[in-house]
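What follows is a single structure, written as structure tokens, with notes after it.
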Amino acid sequence: MPASVSALLLILLGTGVHQLEGVMTRKYNEKNAQGGFLFTAMVSLFAMLFFVFSARDGLQFSLQLLPYGLAAGLCYCTASLLTFVALGCGSFVLSNLFLSYALLFSVGYGVFFLKEPVSLTTGAGIALSLLSIFLVRGEKQNDKAAGFSIKWLVCILLSCIGSGMLGVLQKMQQVRFCAAADNEFMVITLGFSALCLFAAGLAKNARMSGRTLLGSAPYAILAGLSNGAANLLNLIVNTMLPLSVAAPSRSGIKILFSLALARLLFHEKLSARQLAGILAGTASLILLNL
């Protein structure tokens, strides 16, 4: 089988597996929206395991890496908790679309701080992303059906900022350590995130923590393992294809998968304008990754 075909199959598999995290988060949220801290803590913990066991030469931590990892951990736990809330009160596909725009922070950091050139495709991608945001706004007479509410908007925007800052910190540490400490960075990030979320969950309601952990375990374990597995598959694909090919492929497929799952599993109804916005957003993500 040609390497390009194998890589495409791995992209499809990785993107599909990653959708399981959002589906499990949404399903558990519908069952018990109050257990967000402990649920997201378990997701962080099980996602971390993939980076622990996928380190080929073992993990080698350094004190210089610690500030990057701890700052990223705060961003990750904030973003994951707010995503949990957003998926419970808004559209599945629109949430995934807005979260995908987190890469704009990395693009901005590269342009303004690393002096990376701005290509025509980058400019077109940013313009399309703004058009997409305008098109997917809620219907004035039926915001709830459109999956658009003030609570959802605040949570998804703050989550996008947290995810975007996580991407910036990851890029900063890759420049600082020549991309030689990715596993260690993610272990610190996810481990610190899990610790913060567990502590917050226990402080909020220690008496119910045991019951919450047991109830959320099946969903959280699947969500965490799917997160880790998707990241591991992405690393494999990145060794088979140029990042300029792999990244836009993943971005486009992710939104299309989200759209299908939103319709099939959650029966979401979007207007023609919002569907046009999703298509514009998918195109913008592809262009931004080129």
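Below, the figures for the structure above:
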{"item": "Qualifying residue in segment 216-228 (condition: out of contact with any strand residue (DSSP E or B) (no Cβ under 8 Å at 6 or more places or on another chain) and modelled with pLDDT under 85)", "result": "yes"}
{"item": "Hey, LYS171 at pLDDT 80 or above and touching a Cys at 6+ places or on another chain (Cβ under 7 Å) or not", "result": "no"}
{"item": "Qualifying residue in segment 33-41 (condition: surrounded by 13 or more Cβ atoms within 10 Å (Cβ to Cβ), hydroxyl-bearing (Ser, Thr, Tyr), closer than 22 Å to LEU190 by Cβ and at pLDDT below 90)", "result": "no"}
{"item": "Residues within segment 12-57 that are of a type in the set (Val, Ile, Thr), within 16 Å of the chain's Cα centre (by Cα) and over 18 Å from ALA199 (Cβ atoms), tallied", "result": "4"}
{"item": "Given (1) touching a residue at least 12 places away in the same chain (Cβ under 8 Å); (2) among the aliphatic types (A, V, I, L, M); (3) assigned to a helix (DSSP H, G or I); (4) under 19 Å from ALA230 (Cβ atoms), index of the condition LEU9 fails", "result": "(1)"}
{"item": "Number of the condition not met by GLY210 [criteria: (1) assigned to a helix (DSSP H, G or I); (2) in contact (Cβ under 8 Å) with a residue 24 or more places away in the chain; (3) surrounded by fewer than 20 Cβ atoms within 10 Å (Cβ to Cβ)]", "result": "(2)"}
{"item": "Verdict on LEU20 being in contact with a Ser or Thr (Cβ under 6 Å, 6 or more places away or on another chain), in a helix (DSSP H, G or I) and either surrounded by fewer than 20 Cβ atoms within 10 Å (Cβ to Cβ) or modelled with pLDDT under 90 (or both)", "result": "yes"}
{"item": "Contacts under 6 angstrom Cβ, first residue in segment 111-126 being assigned to a loop (DSSP other than H, G, I, E, B), partner among the hydrophobic types (A, V, I, L, M, F, W, C), 6 or more apart", "result": "VAL118/VAL111"}
{"item": "Selection count, segment 69-100, where residues are among the aromatic types (Phe, Trp, Tyr) and touching a Ser or Thr at 6+ places or on another chain (Cβ under 6 Å)", "result": "2"}
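The values are calculated or read from the model by the stated rules, or taken from the named source; none is laboratory data. Note that the structure is a prediction, hence the values are computed from the model and not measured. Please note: Cβ atoms are built from the backbone with ideal geometry, for glycine as well, and neighbour counts cover all protein chains shown.
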